[in-house]
Amino acid sequence: GFDEVPGRYKVRDLSLAEAGRHQIRLAEHEMPGLMALRAEYADAQPLAGARIAGSLHMTVQTAVLIETLTALGAEVRWASCNIFSTQDEAAAAIAVGPDGTPSDPRGVPVFAWKGESLEEYWDCTEQILVWPAADGAASGPNMILDDGGDATMLVHLGLQYERAGVVPPDTLPGEPDHTHEMNVVRAVLRRALDADPLRWTAVAQAIHGVTEETTTGVHRLYQLAEAGELLFPAINVNDSVTKSKFDNKYGIRHSLPDGINRATDVLMGGKVAFVAGYGDVGKGAAEAFRGQGARVIVSEVDPICALQAAMDGYQVARIEDVLDEADFFITTTGNKDVVTAAHMAAMKDKAVVGNIGHFDNEIDMAGLADLPGVTRTEIKPQVHEWTFPAGVGPDGTDRGDRSIIVLSEGRLLNLGNATGHPSFVMSNSFSNQVIGQIELYRDAVEAPSGDGARAYEQRVYRLPKVLDEKVARLHLDALGVRLTTLSAAQAEYLGVSAEGPFKPEHYRY
Ligand code: NAI
């Protein structure tokens, strides 16, 4: 069942709101960056008039983000960016609002629950792009806050569909190449056009910009910009240092073992863990396993990251060489086809397989389901045992029945099996989101009317380093950090201002 008022909210169970509100209250204490931004901008209301369509995991931490955006004056509509990542108590609390009750909700329109079908997922994404106006004339958002780029993709595909009448599977570079999912998306686009033939033109024209949370979404934005197809300016939040070097690394270091533990409770110490990819997420994943006493093997395609992994003390190997050795296989690449069905069929008995990259195409789940004789047993939601028939293994001997445990059906396991990153690290990421939203919205409303008057063009930007440093600053007191101050002579000697920014753009941290 659901609790639903069409156009207003659709959540699993509004009666969870009180539990959600308690968690939000505790999370606020752990999110000093967001709370400082609320205090700083309480009077200025820099987001007054902003209508933000948010597509980002509907967790407790995201609830604090949403209520920061509304505290700064924005109207918000929200959906999750993954079918398994919603915390239903957080969604309920957002729908009810801080001052409402389940019988009189006064919160933010939210369309999200844990365990959506793909059809429901894209319906929810469409819901955040429809702004019912008081006079009954629907309008759209004027800002997007995205994680993975699905809301942005829907607008871009919608416009192409409206103009050309077709959405070929390869129209948008980097779109998930899932035939079924693209058919679902097409149905949503078609329905919207049936209701209003100029629907997507109107939506696209109204949008001043998007702020994008993650590596995969940023990758899609750069592809669009390079093709000259990006419809509005974008801020790449992911590549703020206080995002990717914290959330992607330290967030994963916390939430990967959390997901594995809640899903399986299998001991990591003494076991062998294989981590595909040694970027920011891979580094956090490898460190998490090492911290639990596992022996970690990493795979990489990039010689620099491979060398880093080796220098950090990890064995670097190819997945083919460790199939019968590793107890855990975790993908962190943002690439596709990293773990194939043939790989899984050759894995050690009861190996745990999971993905923590953005999309579910890193592990070939469709290929696994197609293997002859394979069976799937649900241990609990988002935990499935896949059993292979007895047969002759690669070494020529009969290996007997074997099975592997696949987490979250190949989707982000830290959000599917646990509750994602902890509040403190998300406070850094989301402070960048809020600053990015203010930046793009202010640029649009302050620009003199007419084309070309805005400082931001249809390109992808990063926040200036001084704002990145500001986000870090907002989190120092809570950890008892005492920062050293440069003397005037020292600042001059280094050629920087004593207030920062402290590093050149090319510095890598
Ligand atoms: P990154 O670009 O820093 O790292 C990915 C690494 O994978 C690169 O070093 C690349 O060389 C390597 N790689 C690519 N193909 C490979 C292959 N076939 N085999 C082995 N290695 C391969 O990206 P980052 O920031 O680490 O993000 C990775 C993914 O995780 C993205 O999809 C991102 O959106 C997602 N992400 C997920 C989070 C979560 O909470 N689950 C949080 C942050 C990011």
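The values are calculated or read from the model by the stated rules, or taken from the named source; none is laboratory data. The model shown is predicted, which means the values in this text are computed figures rather than measured ones. No Cβ is skipped: glycine too gets one built from the backbone with ideal geometry, and neighbour counts run over all protein chains shown.
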Here are some conditions: (1) among the small types (G, A, S); (2) farther than 30 Å from K470 by Cβ; (3) out of contact with any Leu (no Cβ under 6 Å at 6 or more places or on another chain). G282 meets all but one. Which one does it not meet?
(2)
Of all helices (runs of 4 or more DSSP H) completely enclosed by segment 18-136, which ones contain at least 3 residues that are within 27 Å of E181 (Cα to Cα) and more than 18 Å from the chain's Cα centre (by Cα)?
118-127
Identify, from the list R442, R411, R459, the residue that is modelled with pLDDT of 95 or more, assigned by TED's automatic domain parsing to the domain that holds T332 and among the basic types (K, R).
R411
Restricting to segment 388-440, and then to whatever is more than 12 Å from the ligand (Cβ to nearest atom), in contact with a strand residue (DSSP E or B) (Cβ under 6 Å, 6 or more places away or on another chain) and in a helix (DSSP H, G or I), can you tell me which residue is farthest from R25 (Cα to Cα)?
G410
Mind checking whether some residue in segment 438-455 is surrounded by 15 or more Cβ atoms within 10 Å (Cβ to Cβ), without any contact (Cβ under 8 Å) to a residue 40 or more places away in the chain and over 30 Å from H178 (Cα atoms)?
yes
Kindly check whether there is at least one residue in segment 265-272 that is away from the ligand (no atom under 14 Å from the Cβ), under 21 Å from L415 (Cα atoms) and of a type outside the set (A, V, I, L, M, F, W, C).
yes
Considering every residue within segment 133-141, establish whether at least one is at pLDDT 95 or above and either assigned by TED's automatic domain parsing to the domain that holds M182 or within 26 Å of V445 (Cβ to Cβ) (or both).
yes
Quick check: is even one residue across segment 204-221 touching an Asp or Glu at 6+ places or on another chain (Cβ under 8 Å), away from the ligand (no atom under 16 Å from the Cβ) and touching a residue at least 60 places away in the same chain (Cβ under 8 Å)?
yes
Just a yes or no: is a residue in segment 230-237 among the aliphatic types (A, V, I, L, M), more than 12 Å from the ligand (Cβ to nearest atom), in the same structural domain as V203 (by TED's automatic domain parsing) and out of contact with any Gly (no Cβ under 7 Å at 6 or more places or on another chain)?
yes
Residues (within 15 Å of the ligand (Cβ to nearest atom) and part of a loop (DSSP other than H, G, I, E, B)) located in segment 318-331:
R318, V322, L323, A326
Being within 11 Å of the ligand (Cβ to nearest atom), part of a loop (DSSP other than H, G, I, E, B), of a type in the set (G, A, S) and over 18 Å from N417 (Cα atoms) narrows it down to one residue among G313, G293, G334; which is it?
G334
So, in segment 363-387, exactly how many residues are in contact (Cβ under 8 Å) with a residue 40 or more places away in the chain, in contact with a strand residue (DSSP E or B) (Cβ under 7 Å, 6 or more places away or on another chain) and aliphatic (A, V, I, L, M)?
2
Please determine, by comparing only the residues of segment 273-283 that are within 8 Å of the ligand (Cβ to nearest atom) and out of contact with any Cys (no Cβ under 6 Å at 6 or more places or on another chain), which one is farthest from P32 (Cα to Cα).
A276
Would you mind finding the one in L307, L231 that is of a type in the set (A, V, I, L, M) and without any contact (Cβ under 8 Å) to a residue 60 or more places away in the chain?
L307
When you scan segment 213-281 for helices (runs of 4 or more DSSP H) that lie fully inside it, which ones turn up with 1 or more residues that are closer than 14 Å to R462 by Cβ?
215-226, 241-244
Hits in segment 339-359 (condition: surrounded by 21 or more Cβ atoms within 10 Å (Cβ to Cβ), part of a loop (DSSP other than H, G, I, E, B) and aliphatic (A, V, I, L, M)):
M347, I356
